[in-house]
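Below: one structure, written as structure tokens.
Derivation of every value follows stated rules applied to the coordinates shown; laboratory data play no part. What you see is a predicted model; the values in this text were computed from it and never measured. For neighbour counting, all protein chains shown are included, and Cβ atoms are generated from backbone atoms with ideal geometry for every residue, glycine included.
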Amino acid sequence: MAVANKFRLRVTTPDNVKYDEDAQMVILRCISGDMGVMAHHEPTLAILDYGVLRIIDGDEERRMAVFGGIAQIGNNVVTILASDAQWPEDIDIASVEAERERMSLRMKDDADDLAIARDQILMRRTLVQIEVSSFPLIGGSGAHTIAADGDKSGAAEQDESKGG
Amino acid sequence: MASMKAIKKRIVSVNSTKKIMKAMNLVAASKLQKAKARLDDIRPMSADIKKIIDSIKNSIDYEMEIPFTEEREVKNIAYIVLSSDRGLCGSYNATVSKEAYAFVESNRDKPEKIIAVGAKGHDYFRRRGKNIVHRYDTASEATSYTDAMALATLVADMYKTGQADEVYLVYTHFESVLAHIPNIVRLLPLKMSADNISESDASGTSAIMSYDPDIETFIKHAIPMYLNITIYSAMIESSVCEQASRMTSMDSATRNATEIIDELTLDYNRKRQSMITQEITEIVSGANALQ
């Protein structure tokens, strides 16, 4: 049964539940790099960075922008407690581009480290929004081939594509 | 006894007050529904993060230095008091303020630093001459996660810089529309003694948990998030209570107004009756005099 290779994925933000459905694989952007999670993953707690969350179920792949949070993996349930998350369709790309432009200009004038750090966070937010909105232009291909041979239980992919 | 005209005037005025209260009741009812939906969204998340923090407690090594857990000698105490900006919501503000005040008084010997969220709580403590260090006025139904984050950052900084050695959060817990319980929780320092081992062991996840990238980094990130969410969910709980309290108090005010109108109408009719009787008596006696 295909059901055996699936797990429950729940994405919650303080404002609402973004996703509560089954998935075959999810790729999380953790602070130490990307982490791929499939069914029956070992119990893990991980810190999420700003980045794109990829949800793969069969031939379908959905993407979501996640702005930091905690991922809790265990009992074949992945719970993502995000500080904030957005679906690509909820992002107004024009205003995000404008915001990015504004941030890059403002960072040149920032005097102290604190202001730079603050603007960097805002800038990264816009970059993630742009990345998630440009789907399926970035990456995307080959996603379902990984999902297709995921019928061994306990399988987990770990690819350190981000590095650093 | 008031004249008929005066009674009539009062009926009209009570009636218009009643209409306003009825409208406020309806507005509060719809706001309550919205606030309740937000509460239903945040409760699972807040329960999840509490569970995570609890499970960490059991896996930490006591040699490890964890931020926000150090129990220092208590010299200054910070209190976050969540109340509302607007009145006309029954005993909601009084109850939570009184609870907070009694608690502040029980720690009299340590200087208090009050962070008042909501104008009503702020006024309550100002009248009693307490030291208010910060004041936030945000209409409680519009509270956002960013507001909670700002508050959490503020208290975390106060704790780190030694301006406060303990931080308490006073809010109103929502049980049901009619039961609101003022609640005091200690936010900082986090209690790291493993007093609820049995509870976490029952869930069976703590022992074999792995952490990414490692437990120390995880805790450093998880604690601020825990603070944010705890404060945010307390804000939402309080705002649900505010709306529920306003709804029920406006409901009883509407009922009281109806009662007053009934009484006044009775008065008015009695008066009218006695006037008619008097007039008839006058006419009859006048007719008798002519015979």
What would the Debye formula give as log10 I(q)/I(0) at q = 0.21, 0.33 Å⁻¹ for the alpha-carbon point model of the stretch A:90-130, no solvent? -0.59, -1.09
Quick one: Debye curve from the alpha-carbon atoms of the stretch B:56-150 only, equal weights, vacuum; give me log10 I(q)/I(0) at q = 0.13, 0.19, 0.22 Å⁻¹ to two decimals. -0.57, -0.93, -1.08
Just flag the GluC sites (Glu not before Pro) in the stretch B:60-107 sitting in loop per DSSP whose Cβ has no more than 16 other Cβ atoms within 10 Å. B:E63, B:E65, B:E70, B:E71, B:E73
Once label points are set 7 Å from the Cα along Cα→Cβ at both B:S285 and B:A37, what is their separation, rounded to one decimal in nm? 7.0
Within the stretch B:50-140, which chymotrypsin sites (Phe, Trp or Tyr not before Pro) sit in a loop by DSSP and count at most 12 neighbouring Cβ atoms inside 10 Å? B:Y62
Counting pairs of alpha carbon atoms under 8 Å apart in space and at least six apart in sequence, what relative contact order in percent does chain B give? 32
Distance between the C-alpha centers of the stretch B:14-87 and the stretch B:260-285? Whole Å please. 57
The stretch B:115-188: which GluC sites (Glu not before Pro) are DSSP loop and have at most 13 other beta-carbon atoms within 10 angstrom? B:E175
Residue separation between B:A150 and B:S210 times 0.36 nm, minus their alpha-carbon distance, gives in nm 18.5 nm
So, in nm, how far is label A:S134 from label B:L26 when the simple model puts each one 7 Å beyond its Cα toward the Cβ? 5.2
Just to be sure I follow: if Rg is taken over the C-alpha atoms of the stretch B:27-247 and Rh is the Kirkwood radius over the same atoms, what is Rg/Rh? 0.98
Run the numbers for B:L266 and B:A142: contour at 0.36 nm per residue of separation, minus the present Cα-Cα distance, in nm. 40.2 nm
What does the average come to when, for each residue of peptide B:228-236, you count the partner chain Cβ atoms lying within 10 Å of its Cβ? 1
Mind checking which aspartates and glutamates have their C-alpha under 15 Å from B:K130, skipping anything on the same chain fewer than 8 residues away? B:E99, B:E105, B:D109, B:E112
Förster radius 41 Å - calculated FRET efficiency between B:K9 and B:R135, Cβ distance, rounded to 0.05: 0.45
Can you list, bin by bin at 20 Å, the percent of alpha carbon pairs in the protein assembly as shown, starting at 0? 20, 43, 23, 8, 4, 1, 0
Can you give the % of DSSP beta bridges in the stretch B:27-247 that are antiparallel, to the nearest 5? 35
Once you put a point 7 Å from the Cα of A:D15 and another 7 Å from the Cα of B:A94, both along the Cβ direction, what distance in nm separates them? 3.7
Just to be sure I follow: if Rg is taken over the C-alpha atoms of the stretch A:1-142 and Rh is the Kirkwood radius over the same atoms, what is Rg/Rh? 1.02
Quote the convex hull volume per residue of the stretch B:1-88, based on C-alpha atoms, as a whole number of Å³. 190
